[in-house]
Amino acid sequence: MTDILGHKKVFDVLEKSSKDGQTAQSYLFSGVEGIGKLLVAIEFACMLNCSRYFQTDHSKCNICDRIRKGNHPDVRIETPIKGSFKIDRVRYLQSFLKYSPVEALFRVIIIDDAHLINRAAQNALLKTLEEPPAGSIMILVTAKASYLLPTVRSRLRKVKFSPLGRSLITQELVGTKKLGVEEADTIAGLSSGSLGRALELHSTGTIHLRKSIMDFLNAGPEFGLAALLELSAQVSVDQRKLFEAIEFGMTWVRDLMTLKLNGQASEIINTDLIDILNSSAQHYSIEKLLSIRDLMSNALISVDSETNINRNLLSDVMFLRIRQKMNETSG
Ligand SMILES: [Zn+2]
């Protein structure tokens, strides 16, 4: 019935279980970051507690309005504080669940970024998951379900969210950010199906970094040494930026391989650069592209795993090796 950000299937399942009286008491909502899992959890709390939710005249509703704003006495939307969710908060929520709902049918607790609930707190939570108080529903929302203890996971009904389609993200960007279709589609292609990621690429201006990386990769050995070192210095100022730069580089390799292997322009990420990508694809063999990708992924692993790393040096070495590899006549 309701289609929140393309999660109609998930919503239909939740709707059906609620209408059939088959609602579970504990849920795990999982799927990549930034696709609207929390939004669906909040709507689910509305669905459970509002008798008019599925009626056609359900527009301005005091109950749902307060739930969505976090002002309803029976629904709590919790998020970790300073990257952590500790045992005292779990104990507090357990005492909240002991009492019957004040107004609603169910007391609902939604915990966003639930992977940040620490181990001791997860163990404390187990008690509630094993014997949930009558009329209580708990929803854990996370992009990193594997961080939860297996004993916790096994007691939750799993609801998996798929990444969003590229066209849906494009529409959202055009509609809410007034972007042109081409720019929106490019950002959508780079977002790995996450609207949150797409909005971040747009708002932080990270998308401009892609252009610089693409300019280098498409120019290859022709790209001047001084300009290359300047680009390297620019992207290695912080870890996050270097990550982004390397990931953009990997989309270039992916696009060229796609063009070489089956020539399907529709599967390209950097659609706005299709002409130059087609031309670049002529210059490199699959083997060479794989070697370039290895240089990038090795750098990515080093940035991620080594703490006392000289980022600028690592970045210089990566860029120079890529340029050298492009210049080699064979392999
Ligand atoms: Zn309502």
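Summary of computed values
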| read-out | value |
| --- | --- |
| Segment 247-286 - percent relative contact order, Cα under 8 Å, separation 6 or more | 42 percent |
| Of all accessible heavy-atom area on segment 8-160, the percent that carbon and sulfur account for (1.4 Å) | 52 percent |
| Added length on full extension, which subtracts the Cα-Cα distance from 0.36 nm per residue, LYS158 to ALA265 | 34.9 nm |
| Unpaired by the 4.7 Å Cβ criterion, cysteines found in the chain | CYS50 |
| In nm, spacing of pseudo-spin labels at GLU131 and THR204 (7 Å Cα→C-beta vector) | 4.6 nm |
| Size of electric dipole in the chain: Cβ of Lys, Arg +1 and of Asp, Glu -1, about Cα centre, debye, nearest 20 | 1280 debye |
| Chymotrypsin sites (Phe, Trp or Tyr not before Pro) lying in DSSP loop within segment 1-76, provided at most 15 other Cβ fall within 10 Å | PHE54 |
| Separation of the GLN94 and ASP275 label points, Cα + 7 Å toward Cβ, nm | 6.6 nm |
| Percent RCO, i.e. relative contact order, over the chain, from Cα pairs under 8 Å lying at least 6 residues apart | 16 percent |
| FRET efficiency estimate (nearest 0.05) - Cβ-Cβ, THR329 to ALA233, R0 30 angstrom | 0.50 |
| Within segment 229-272: backbone nitrogen closer than 20 Å to the GLU287 label point (7 Å, Cα to C-beta) | 253-254, 256-262 |
| Potential extension, GLU306-ASN71 segment - 0.36 nm per residue separation minus Cα distance | 80.2 nm |
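The values are calculated or read from the model by the stated rules, or taken from the named source; none is laboratory data. All values derive from a computational prediction rather than experimental measurement. Please note: Cβ atoms are built from the backbone with ideal geometry, for glycine as well, and neighbour counts cover all protein chains shown. Side chains are part of the model used for accessible areas, which takes the heavy atoms of the whole protein and leaves out ligands, DNA and RNA. Shrake-Rupley method; radii C 1.70, N 1.55, O 1.52, S 1.80 Å.
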